[in-house]
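Notes follow once the structure below has been shown.
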Amino acid sequence: MTGNSDNQLPPISALKNTLADNTTYKNTNIAWFDRAKHVIPGGVDSPVRSFNSVGGTPVTVAKGQGAYLFDVEGNRYVDLIQSYGAIIMGHADPDTLDAIRNAMSRGTTFGAPTTGEVLLAEEICSRVPGCNLIRFVSSGTEAAMSAVRLARGYTGRSRVIKFAGCYHGHSDGLLAAGGSGIATIGLPDSAGVPPSSVNDTIICPYNQVPPPDILDENIACVIVEPIAANMGVVPPVPGFLEGLRKACNSVGALLIFDEVITGFRIAYSNATALCEVTPDLYCFGKIIGGGLPLAAFGGRSDIFSMLAPEGPVYQAGTLSGNPLATAAGLSVLRRLNRDAYSRLQAKVKQFATELQSCFVAAGTKAWVSQYGTLCSIFFGAGSEVHNYEESRIAASTVTSDGTGMYAAFFHRMLKQGVMLAPGPYEAMFIGMAHSDSDLEYILNAAKKASSGLCAA
Ligand SMILES: Cc1ncc(COP(=O)(O)O)c(C=O)c1O
């Protein structure tokens with residue numbers, strides 16, 4: 001079944017609308033954002049989508065197609081956001097849409113086991129070392145929160161170590177010193193989180209193994225992005241993940257890899273393919289749902305024997321393992337073989353090298369960080385960034401007129417039809433739908449955007 005969904009959608013011009021109070025809105029980005037602000041806080045459903053850190057008005061998306069987004073005004077953008085990494089086969093990928101339609105024709109949610117969740121769980125467990133059992137949830141936030149609860153239940157301990165600049169979703173205990181949106185909007189923590197919720201969260205600098213007086217017998221788990229991608233892309237230094245594994249083993253703490261971004265993005269499986277360290281628990285999200293809300297936490301069977309209904313650690317979800325999302329995820333994963341990742345890695349590596357050359361040629365001080373299939377730009381940095389401190393210094397680099405370097409570059413790219421994330425801490429997501437000519441287009445735009453772009 002292929003179905004042309006465009007034929008069934010109202011034309012974009014018909015989205016011009018009249019509210020109940022007869023306010024008429026034009027079909028422009030500004031008008032839609034204005035309208036959004038009346039009913040949605042800040043006009044966005046997630047702070048990372050706001051333009052607060054770059055200035056201006058968010059683009060309201062009318063549709064996506066492959067590597068492109070189209071806004072309500074009909075402008076086309078080569079998209080490097082790709083739903084913050086949830087999309088890897090491109091927007092409106094026909095095979096994914098077919099899988100969703102097929103699943104949808106049988107019903108959208110049942111509150112009972114389905115074949116789709118079993119097939120997807122088998123696919124994931126067969127790829128990921130040490131992932132014997134997996135429980136599906138609906139968001140990465142839930143996955144990380146539940147993994148930590150399970151680790152606490154299993155060890156009987158309360159304390160959790162996380163690393164500054166790593167983001168594990170917006171649950172109370174894990175929000176402290178998060179990267180991504182919380183870094184962009186300048187909140188080290190969040191109002192509304194009682195101190196008691198973070199009493200047992202210990203923040204350590206990324207890329208340093210916490211010393212034995214911190215990572216001791218009171219620690220239930222260490223949660224880490226094995227390749228950090230929420231403070232820009234910050235690779236693990238040699239020995240960091242290996243050191244964490246060793247230190248956790250010696251005190252009986254569990255090691256959790258939050259691979260909500262890196263899982264099935266960085267490699268055929270996950271970060272273990274690149275770093276050869278196996279954690280006790282994993283968190284996955286984004287790609288495994290094929291663009292629909294799905295995430296998961298998985299790991300060793302003996303730990304999972306503690307999870308309800310087998311054990312005393314409670315965790316649940318009405319829409320968990322949703323059949324549309326598992327069908328979409330399975331369709332995507334089954335097409336991503338090892339060759340596909342090798343090709344994508346080569347593509348991203350070449351892109352990052354050329355982007356770096358373009359900054360060098362323009363005299364723009366910037367470091368293009370690349371690891372596997374992920375990359376990001378640190379303006380103001382002249383070499384590899386290792387932690388949140390260094391990432392924040394880079395992100396605060398301004399041009400001679402006081403505009404943030406990233407903000408200036410972002411708008412110059414947007415004007416040329418390239419959609420970067422509206423914040424300096426996000427990765428650029430290049431996927432299967434980005435053709436060589438799309439990447440060439442981005443590089444040409446970057447050449448123009450970096451001309452005269454200098455730090456103060
Ligand atoms: C590493 C990581 N963990 C957890 C999350 C939270 O996922 P979600 O936004 O689906 O709640 C994110 C979101 O970007 C993430 O990057």
State the number of residues belonging to the range 288-315 that are more than 16 Å from the ligand (Cβ to nearest atom) and either among the hydrophobic types (A, V, I, L, M, F, W, C) or part of a loop (DSSP other than H, G, I, E, B) (or both). 13
Within the range 220-276, which residues are basic (Lys, Arg), part of a helix (DSSP H, G or I) and more than 19 Å from Ala147 (Cα to Cα)? Lys246
In this structure, does Thr318 turn out to be surrounded by fewer than 23 Cβ atoms within 10 Å (Cβ to Cβ) and either away from the ligand (no atom under 15 Å from the Cβ) or hydrophobic (A, V, I, L, M, F, W, C) (or both)? yes
Which condition from (1) in a strand (DSSP E or B); (2) assigned by TED's automatic domain parsing to the domain that holds Ile134 is the one that Phe110 breaks? (1)
For the range 128-165, which positions are in contact with a helix residue (DSSP H, G or I) (Cβ under 8 Å, 6 or more places away or on another chain), farther than 21 Å from Pro309 by Cα and either aliphatic (A, V, I, L, M) or surrounded by fewer than 20 Cβ atoms within 10 Å (Cβ to Cβ) (or both)? Val128, Pro129, Gly130, Ser158, Val160, Ala164
Can Cys221 be described as away from the ligand (no atom under 16 Å from the Cβ) and under 29 Å from Tyr371 (Cα atoms)? no
Identify, by number, the condition in (1) part of a loop (DSSP other than H, G, I, E, B); (2) more than 22 Å from Val332 (Cβ to Cβ) that Leu150 doesn't meet. (1)
Please enumerate the residues belonging to the range 270-314 that are under 30 Å from Ala67 (Cβ atoms), surrounded by fewer than 24 Cβ atoms within 10 Å (Cβ to Cβ) and at pLDDT 95 or above. Leu292, Pro293
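Residue-by-condition table, conditions (1) at pLDDT below 95; (2) loosely packed, with under 11 Cβ neighbours inside 10 Å; (3) in contact with a strand residue (DSSP E or B) (Cβ under 9 Å, 6 or more places away or on another chain); (4) not hydrophobic (A, V, I, L, M, F, W, C):
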{"position": "Asn22", "(1), (2), (3), (4)": "yes, yes, no, yes"}
{"position": "Tyr25", "(1), (2), (3), (4)": "yes, no, yes, yes"}
{"position": "Trp32", "(1), (2), (3), (4)": "no, no, yes, no"}
{"position": "Pro41", "(1), (2), (3), (4)": "no, yes, no, yes"}
{"position": "Ala62", "(1), (2), (3), (4)": "no, no, yes, no"}
{"position": "Tyr68", "(1), (2), (3), (4)": "no, no, yes, yes"}
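Yes/no matrix, rows are residues, columns are (1) assigned by TED's automatic domain parsing to the domain that holds Asp200; (2) small (Gly, Ala, Ser); (3) assigned to a loop (DSSP other than H, G, I, E, B); (4) within 30 Å of Val59 (Cβ to Cβ):
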| residue | (1), (2), (3), (4) |
| --- | --- |
| Tyr77 | no, no, no, yes |
| Ile100 | yes, no, no, yes |
| Gly116 | yes, yes, no, no |
| Ser146 | yes, yes, no, no |
| Val160 | yes, no, no, no |
| Gly169 | yes, yes, yes, yes |
| Gly173 | yes, yes, no, no |
Looking only at the range 234-287, filter to residues that are among the β-branched types (Val, Ile, Thr) and within 11 Å of the ligand (Cβ to nearest atom); which one of those is nearest to the chain's Cα centre (by Cα)? Ile261
With the checklist (1) away from the ligand (no atom under 16 Å from the Cβ); (2) at pLDDT below 95 in hand, flag the one item Pro212 doesn't pass. (2)
Report whether or not Leu355 is outside any strand (DSSP E or B), outside the structural domain of Pro236 (by TED's automatic domain parsing) and under 21 Å from the mean Cα position of the chain (by Cα). no
Residues that are surrounded by fewer than 20 Cβ atoms within 10 Å (Cβ to Cβ) and closer than 28 Å to Pro205 by Cα: does the range 370-382 have at least one? yes
What tally of residues in the range 194-209 results from selecting those that are within 16 Å of the ligand (Cβ to nearest atom), assigned to a loop (DSSP other than H, G, I, E, B) and farther than 29 Å from Phe379 by Cβ? 0
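Listed here are the residues, each with its yes/no results for (1) under 21 Å from the mean Cα position of the chain (by Cα); (2) under 26 Å from Thr262 (Cβ atoms).
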position	(1), (2)
Val398	no, no
His411	no, no
Ala427	yes, yes
Asp438	no, yes
Lys447	no, no
Cys454	no, no
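The values are calculated or read from the model by the stated rules, or taken from the named source; none is laboratory data. The structure displayed is predicted, hence computed values, not measured ones. Ideal geometry is used to build each Cβ from the backbone, glycine not excepted, and the neighbour counts take in all protein chains shown.
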